[in-house]
Amino acid sequence: MISQVFILSSKGDHLIYKDYRGEAGKDAVNKFYEMVTALTGDQPPVVMKHKELHFVHIRQGGLYWVATTKADASPFTIIEFLNRLTALVKDYCGCLSEKSLQMNFALIYELLDEVVDFGYIQTTSTDILKNFIQTEAVSSKPFSLFDLSNVGLFGADTQQNKVAPSAAATRPIVSSQGEQVKNVSTAGCYGLFLGASGVLMKADIEGEIRVKCYMPSCSEMRIGLNEEFSIGKSQLSGYGAAVRVDECSFHQAVRLDEFDTYRILKVCPSQGEQTVMQYQLCDDLPTAPPFRLFPSIERDSGGRLLMYLKLRCDLPPKSLSQELSSPDQSAELQPKNKAVHWEIPRFPGGAQLSALFKLEVSGLSSASLQEVGPVSLSFELPKYTCTGLQIRFLRLSPIQPGPSQRWVRYVTHSDSYTIRI
């Protein structure tokens with residue numbers, strides 16, 4: 001049973017607030033933010049308690065998504081509800097950002113009215129809710145796959161107009177536009193631990209294939225994977241380089257009658273976003289880690305701590321977007337976390353960057369140098385898959401009448417990418 005649902009920005013601004021049962025006052029919002037910011041570390045506990053009120057929250061899109069309850073409810077149920085709520089907001093608003101929520105607050109309140117009734121969860125199905133949601137999403141930048149800015153001289157075909165714009169992946173599913181669009185995303189998540197000498201000590205890759213459908217109704221979609229795709233070390237097929245994963249699971253709606261022979265997934269996706277396949281690979285990585293760090297830690301004659309960090313991107317330049325250029329680096333000392341935050345907005349493949357940090361540390365000794373580290377990296381790599389998994393083709397059967405657009409995108413991001421100094 002849910003008492004309240006509210007969404008806060010990273011600075012504590014109240015974006016959305018919905019009270020279902022009147023069991024707790026609005027001051028609970030401020031109390032939650034005081035509790036979550038008073039804790040040390042980057043990841044506060046998901047469940048917290050103040051008197052008789054329980055706070056359950058997640059972080060998505062840089063925002064706090066919070067539900068409160070006074071009942072003896074399962075925290076896992078509420079966490080799953082919050083995750084599903086963020087997926088609904090992303091489906092209907094296009095993206096999860098503070099600006100998007102401010103522009104679509106009426107739509108989000110309409111969703112909250114339909115999803116929960118007097119604290120009891122009714123439904124989180126996009127297919128069911130689309131029959132009741134009347135408010136249309138507001139987008140800061142109108143989306144069009146036929147943007148004239150991508151047309152070459154005298155209407156000539158260019159490489160740019162063969163690529164869907166970046167706003168395509170954040171388009172709301174409900175729109176007055178007439179395009180019929182399908183988006184398939186292959187996302188990989190790196191979990192990696194490197195020793196001080198660069199030796200790989202632990203690695204874990206988790207990935208998924210997500211389908212986002214904008215069509216009100218859809219025929220069967222056929223997704224072709226690498227013919228050399230194998231699950232486990234015993235399943236090897238084809239003549240090319242094998243793409244292997246340790247484990248693989250599929251959505252219950254996916255038909256696998258052609259998967260073993262042709263590596264084809266068949267699904268009839270509903271409107272919105274859904275994960276059709278998840279996979280995992282541990283330790284035995286097909287490629288080298290994308291980033292290497294070469295650190296040097298010492299104490300100068302004035303007693304200051306000197307940290308010289310040289311970071312190298314081992315990806316080939318073609319693996320990254322051509323928009324990447326020389327980065328504008330910045331660094332910030334975070335005394336509360338006892339850390340230095342080094343930010344690199346853009347990092348081309350094959351490049352190497354370095355930074356020298358001079359810190360005044362009281363009571364610094366030779367033994368204290370052993371306590372420096374480790375280094376944690378957070379990054380996102382477009383147009384790159386860490387396992388080599390590729391989408392061979394994306395087909396609709398039978399072909400939909402009218403114009404339709406399909407595109408595939410690849411992205412890899414870090415989960416826990418740690419390097420010991």
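The values are calculated or read from the model by the stated rules, or taken from the named source; none is laboratory data. From a predicted model like this one, the values you see are computed outputs, not experimental measurements. Positions of Cβ are generated from backbone atoms using ideal geometry, with glycine treated the same way; all protein chains shown enter the neighbour counts. Surface areas here come from the heavy atoms of the whole protein model, side chains and all, with no ligands, DNA or RNA. Shrake-Rupley method; radii C 1.70, N 1.55, O 1.52, S 1.80 Å.
At the residue level, Ser185 shows approximately 10 square angstrom of accessible surface with a 1.4 angstrom probe and all protein chains present. The stretch 95-120 and the stretch 346-377 have their alpha-carbon centroids 42 Å apart.
Rolling a 1.4 Å probe across all protein chains gives Ile264 an accessible area of roughly 10 Å².
Computing FRET efficiency as 1/(1 + (r/R0)^6) for Lys310 and Leu394, where r is the C-beta to C-beta distance and R0 is 25 Å, gives about 0.05. Of all aspartates and glutamates in the structure, the ones whose alpha carbon falls short of 14 Å from that of Lys202, not counting any fewer than 8 places away in one chain, are Asp283, Asp284, Asp415. Of the trypsin sites (Lys or Arg not before Pro) found in the stretch 1-32, those in coil by DSSP whose Cβ has at most 14 other Cβ atoms within 10 Å are Lys11, Lys26. A 19 angstrom limit on the alpha carbon distance is what I want to check against. Which of Lys49/Lys336; Lys49/Lys90; Lys31/Lys70; Lys338/Lys358; Lys99/Lys383 exceed it? Violating the 19 Å Cα-Cα cut-off are Lys49/Lys336; Lys49/Lys90; Lys99/Lys383.
Across Met1, Met215, the residue with the most accessible area heads the list, and the full order at a 1.4 Å probe is Met1, Met215.
Taking 0.36 nm per residue of separation and subtracting the Cα-Cα distance, full extension of the segment from Ser376 to Ser249 would add 42.8 nm.
Solvent-accessible surface of the stretch 2-130, taken per residue with a 1.4 Å probe and all protein chains present: 47 Å². Near Gly363: Cβ cut-off under 15 Å, other residues only, Lys/Arg at +1 and Asp/Glu at -1. The net charge is +1.
Would you mind calculating the gained length between Glu298 and Arg420 on full extension (0.36 nm times residue separation, minus the Cα-Cα distance), in nm to one decimal?
Values: separation 122, 0.36 × 122 = 43.92 nm, distance 1.56 nm.
Result: 42.4 nm gained on full extension.
Within the accessible surface of the stretch 2-130, defined with a 1.4 Å probe on protein heavy atoms only, the carbon and sulfur portion equals 50 percent.
Of the GluC sites (Glu not before Pro) found in the stretch 246-300, those in coil by DSSP whose Cβ has at most 16 other Cβ atoms within 10 Å are Glu258.
With a 1.4 Å probe rolled over the protein heavy atoms of all chains, the accessible area of Glu52, Glu343, Glu208 falls in the order Glu52, Glu343, Glu208, largest first. FRET efficiency for the pair Leu356 and Cys268, taken as 1/(1 + (r/R0)^6) with r the Cβ-Cβ distance and R0 = 60 Å, rounds to 0.60. With K and R counted +1 and D and E -1, the other residues having a Cβ less than 14 Å from that of Asp72 yield a net charge of 0.
Provide the FRET efficiency to the nearest 0.05 for the Asp260-Phe132 pair, computing r from the beta carbons and using R0 = 51 Å. Show your work: numbers first, answer last.
Working: r = 41 Å, r/R0 = 0.80.
Here the calculated transfer efficiency is 0.80.
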